[in-house]
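The values are calculated or read from the model by the stated rules, or taken from the named source; none is laboratory data. In this text, all values refer to a predicted model and were calculated from it rather than measured experimentally. Note that each Cβ is placed from the backbone with ideal geometry, even for glycine, and that neighbours are counted across all protein chains shown.
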2 protein chains.
Amino acid sequence: MNKNERFVKKITLKSVDFSRWYVEIIQKAELADYAPVKGMMVIRPYGYAVWERIQRLVDDRIKKSGHSNAYFPLLIPESFLQKEAEHLEGFAPEVAWVTYGGKEELEERLAVRPTSEAIIGNMYAKWIKSWRDLPVLINQWANIVRWEKVTRPFLRTTEFLWQEGHTAHESFEEAQDETLMILSLYKEFVENELAIPVISGKKSEREKFAGALETFAIEAMMSDGKSLQMGTSHNLGQQFSKVFNIRFEDRNQKLQYVWQTSWGVSTRLIGALVMAHGDDSGLKFPPNIAPVQVVIVPISAGNWKENVLPLARNIEEKLGEEGLRVKLDEREEFTPGWKFSEWEMRGVPLRIEIGPRDIEKKQVVVVRRDTGKKENVAQASMNRKVPEILREIQKNMFEMALKFQQENTHEVKDYEEFKAIMESKKGFIKAFWCEDQVCEEKIKEETMATIRIILLDQDKKAARGKCVFCQKPTETVVYFGRAY
Amino acid sequence: MNKNERFVKKITLKSVDFSRWYVEIIQKAELADYAPVKGMMVIRPYGYAVWERIQRLVDDRIKKSGHSNAYFPLLIPESFLQKEAEHLEGFAPEVAWVTYGGKEELEERLAVRPTSEAIIGNMYAKWIKSWRDLPVLINQWANIVRWEKVTRPFLRTTEFLWQEGHTAHESFEEAQDETLMILSLYKEFVENELAIPVISGKKSEREKFAGALETFAIEAMMSDGKSLQMGTSHNLGQQFSKVFNIRFEDRNQKLQYVWQTSWGVSTRLIGALVMAHGDDSGLKFPPNIAPVQVVIVPISAGNWKENVLPLARNIEEKLGEEGLRVKLDEREEFTPGWKFSEWEMRGVPLRIEIGPRDIEKKQVVVVRRDTGKKENVAQASMNRKVPEILREIQKNMFEMALKFQQENTHEVKDYEEFKAIMESKKGFIKAFWCEDQVCEEKIKEETMATIRIILLDQDKKAARGKCVFCQKPTETVVYFGRAY
């Protein structure tokens, strides 16, 4: 296993320098590469395969809950963005502007979409006439450009991919139901498929989406203890329908403005998978999302091409028929040990080793990426056993991440304890907050911690306490954390 | 059926004004709508569902033939486009330029991608080192912007969606094999799934892609007799690898430039579906691509909600279980006749009518969109019969289109006959051509006909003839047509 060790040494260890490990592993595992335009990245086939899995699993859920996909233009007239003041203020600093079409200077600048509320609002005003046209439940898969100053692959890039849902409803209540339904759809998806536990709740005024009435979010703890926003769901109220004049005749023949929502998850989730599960050996994908679930490495000794390879191919085919994503590594130029460490680094959940001795014993050796545990499995029972182990890995990875999250979530009673924890430890601090923005700002200034979410009533044990900063009595419970 | 007639009358008849019918039916059937930016469109859910079907069916074929998807940046530095002179000349007039990021003017203008050869070439130079890295077989699904002067929904829009394959190979032959393999993949897809027969072959120098060595294409005859380019596959040779310095160490340790291909199909195919199959009653989708394959219309007389609706729901469920895309039209505000004509207009291949009398007879009435033929089908045999009829429709639609194409393909011996046909009739003219660009230009000037494809040797009956324009002896056979 000397080769193995050497191979991994090329990457900075996660335990030594988390940020450096993050950018190195992404390039080394060929998830993404830097593009020649500042802050942009190329999503390479292995990384894009993860995105395709995310797309498929999210899209199925979006469609099942009654939404359809559509596509709206990339370029948005500046005057549209200007209509909603708060929205403009939020996005103007980071808009990329198209000013020329061919050789002609445009009369009006066009924004490369930083989000699509404005252009979609304009179309909804045209399409929606009556309560019979509602609800409108549309989603879009698209690329987004935001001129960010500080970027990091997947987490914050000048261009990224996402889905953005945009719905219109008859009433506030219906819009609120939609907003919260999507929030729990996201939570269920991230926890069950990405094996990442999340906390969910409302954003504070300071952290909400520019133009929304209320923003809800799911947040997850990365393995460095920092918080990553994984998805947001906004109740837009009537802010956009009023400026874009999206009106409908209600059931009593009265003209009303529609109530809207918008919500999205993005390629940022790939960064979350890296940071929540990875270790010193590299990536660690949960089976449900892994582009390759099982890698078969034939032990290349003696005349392995005659005796081992045919059996390895046979196993590949059989597991493929079970619906598993399997790869057989037939490369001749690498040793088995090198292959082991490469596929570990690339996060494949399960490795099957097969050599001459295994053929004799009618078995294979199965090695789990999550625990490193080795196990002999009889070839005859493999088709049942391999999916079973993958399910176990999925479950175990979620439990490991949940344990980590719980161990690093602290309840504090006063601000001294708060500061001490933010200095020495990492993670979430669960505390009472008086809802005063002054306390929020002060805490941020002094500790770099922000309010990640405000717990919803349904998730809260009825209790009263005192604001962790000003000691004013309150019922509001929030999670603080340092955020990406 | 008065309501029915009135409904269809709102659309210009195809037989009266083809272009007007085209833009009206697209809006009326809610495939797409005009966006507030000139030349841009919104693809509405019904149109996008067609695109999702196309994507799924093309993507499956692309992956099966060994390609993987990836994603490259939207914005491309101007200097990259300038590297390949021919390429720049071809695209510069139609590039949308980003000049500002937030409030800062950029040092170098960025092109919103008009195609991705340049940005991908830059990355391939970084990734490819050895013959072991080849072939690189990558595809991208993306949006494209070209500042077009004259636009028409789906056919030519400032922004459109497509897939673009970009591959790199060790030799010219391997690149040529890839180029032609993709050409036949496209032909098979368009004929089998879209039910549109195509002619395929090489483009003339005049018509080829800016920067390619050779361009191959499939072309189809629309029902107004004009030709539409449906997909292209380019052998790029070493033009891009030389300017982007994409080199590999070959099997003899010698440095070589890679050989490249690129190829794509786009949302234009949705326009082709409209124009190849539609009629005076509206759209006509082939079952394999139809977002809705079967619409169930309950005959709403008497207490239909108690007796007809439950059975209709049961049929919807059963056919859904067969894997069919089924819609039950439960709306109360419309009569059955109105619904019939609406779903005809929207191109649904098969309609199932069910009323009180059908319940008594344990049957349903099935109406085909392609022929208008009505048939009673026993409820007990429906699950077998409906998929069977859909397969027949798919086959019949292709045959109808092929018959039309053949009837409108003319072989001419001299230029007088050529001109006469282009004046009076529509369609393709199959003729000999001397390969001289002068003849090609003259023909275009005088008849508006261009060379759509040059027949490949394999598709040509060995023969010699005379150029239809200059009478010079030649073996080259081409198809002329007026193109979109």
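Observations on the structure shown:
- Checklist (1) surrounded by fewer than 21 Cβ atoms within 10 Å (Cβ to Cβ); (2) more than 12 Å from every other protein chain (Cβ to nearest Cβ); (3) at pLDDT 90 or above applied to B:I54, failing item: (1)
- Of the residues making up the stretch A:432-454, those that are touching a Phe, Trp or Tyr at 6+ places or on another chain (Cβ under 8 Å) and crowded, with 17+ Cβ neighbours inside 10 Å are A:W433, A:C434, A:C439, A:E440, A:I443, A:T447, A:A449, A:T450, A:I451, A:R452, A:I453, A:I454.
- Screening A:R132 on (1) crowded, with 19+ Cβ neighbours inside 10 Å; (2) closer than 30 Å to A:Q256 by Cα; (3) without any contact (Cβ under 8 Å) to a residue 24 or more places away in the chain shows it passes everything except condition (1).
- Test: residue in the stretch A:328-335 that is out of contact with any Lys or Arg (no Cβ under 9 Å at 6 or more places or on another chain), touching a residue at least 40 places away in the same chain (Cβ under 8 Å) and surrounded by fewer than 19 Cβ atoms within 10 Å (Cβ to Cβ): no
- Being small (G, A, S), farther than 25 Å from A:F154 by Cβ and touching a strand residue (DSSP E or B) at 6+ places or on another chain (Cβ under 8 Å) holds for only one residue in B:S68, B:S79, and it is B:S79.
- Taken over the stretch B:403-418, the criterion of being surrounded by 15 or more Cβ atoms within 10 Å (Cβ to Cβ), outside any helix (DSSP H, G or I) and modelled with pLDDT under 95 is satisfied by B:V412 alone.
- A:I246 vs. criteria more than 30 Å from A:W127 (Cβ to Cβ), crowded, with 24+ Cβ neighbours inside 10 Å, in contact (Cβ under 8 Å) with a residue 40 or more places away in the chain and outside the structural domain of A:K425 (by TED's automatic domain parsing): no
- Scanning the stretch B:190-206 for residues that are touching a Ser or Thr at 6+ places or on another chain (Cβ under 9 Å) and in a loop (DSSP other than H, G, I, E, B) turns up B:K203, B:S204, B:R206.
- Test: residue in the stretch B:10-23 that is away from chain A (no Cβ under 14 Å), touching a Phe, Trp or Tyr at 6+ places or on another chain (Cβ under 7 Å) and hydrophobic (A, V, I, L, M, F, W, C): yes
- Here B:I270 meets the list (1) touching a Gly at 6+ places or on another chain (Cβ under 7 Å); (2) surrounded by fewer than 23 Cβ atoms within 10 Å (Cβ to Cβ) almost entirely, failing just condition (2).
- Residue match in the stretch B:245-253 (condition: part of a loop (DSSP other than H, G, I, E, B), acidic (D, E) and modelled with pLDDT of 95 or more): yes
- Of note, A:I128 satisfies the criterion of being farther than 24 Å from A:L283 by Cβ and within 14 Å of chain B (Cβ to nearest Cβ).
- Qualifying residue in the stretch A:455-463 (condition: crowded, with 18+ Cβ neighbours inside 10 Å, outside the structural domain of A:T232 (by TED's automatic domain parsing) and not in a loop (DSSP other than H, G, I, E, B)): no
- Of all residues in the stretch B:296-307, at least one satisfies being surrounded by fewer than 16 Cβ atoms within 10 Å (Cβ to Cβ) and closer than 21 Å to B:S341 by Cβ.
- Only a single criterion out of (1) modelled with pLDDT under 95; (2) closer than 20 Å to B:D279 by Cα is not satisfied by B:T335, namely (2).
- Residue pairs whose Cβ atoms lie under 6 Å apart, separated by 6 or more positions or on different chains, with the first residue in the stretch A:67-91 and on the phi < 0 side of the Ramachandran plot and more than 7 Å from chain B (Cβ to nearest Cβ) and the second at pLDDT 95 or above and part of a strand (DSSP E or B), are A:H67/A:L137; A:H67/A:N139; A:I76/A:A111; A:E78/A:E108; A:E78/A:R109; A:L81/A:A111.
- Any hit, the stretch A:146-154, residues being more than 13 Å from every other protein chain (Cβ to nearest Cβ), touching a helix residue (DSSP H, G or I) at 6+ places or on another chain (Cβ under 9 Å) and in contact (Cβ under 8 Å) with a residue 60 or more places away in the chain: yes
- So B:G264, is it within 30 Å of B:W343 (Cβ to Cβ), out of contact with any helix residue (DSSP H, G or I) (no Cβ under 8 Å at 6 or more places or on another chain) and either in the same structural domain as B:V50 (by TED's automatic domain parsing) or at pLDDT below 95 (or both): no
- With respect to the conditions (1) closer than 24 Å to A:V274 by Cβ; (2) surrounded by fewer than 22 Cβ atoms within 10 Å (Cβ to Cβ); (3) of a type outside the set (S, T, N, Q), A:L88 falls short on a single one, namely (1).
- Residue, farthest from A:Q405 (Cα to Cα), within the stretch A:419-430, restricted to residues that are crowded, with 20+ Cβ neighbours inside 10 Å and in contact with a helix residue (DSSP H, G or I) (Cβ under 7 Å, 6 or more places away or on another chain): A:M422
- Residues that are in contact with a Lys or Arg (Cβ under 6 Å, 6 or more places away or on another chain) and among the hydrophobic types (A, V, I, L, M, F, W, C) were ranked within the stretch A:7-31; the one that is modelled with the lowest pLDDT is A:I11.
- Qualifying residue in the stretch A:39-50 (condition: in contact with a helix residue (DSSP H, G or I) (Cβ under 7 Å, 6 or more places away or on another chain), farther than 25 Å from B:S68 by Cα, in contact (Cβ under 8 Å) with a residue 60 or more places away in the chain and within 7 Å of chain B (Cβ to nearest Cβ)): no
- Condition check for B:V37: at pLDDT below 95 and among the β-branched types (V, I, T): yes
- Per-region count, the stretch B:203-220, residues crowded, with 20+ Cβ neighbours inside 10 Å, farther than 20 Å from B:N288 by Cα, out of contact with any Lys or Arg (no Cβ under 7 Å at 6 or more places or on another chain) and at pLDDT 95 or above: 1
- Residue in the stretch B:112-150 that is nearest to B:H166 (Cα to Cα), counting only those that are within 27 Å of the chain's Cα centre (by Cα) and charged (D, E, K, R): B:E117
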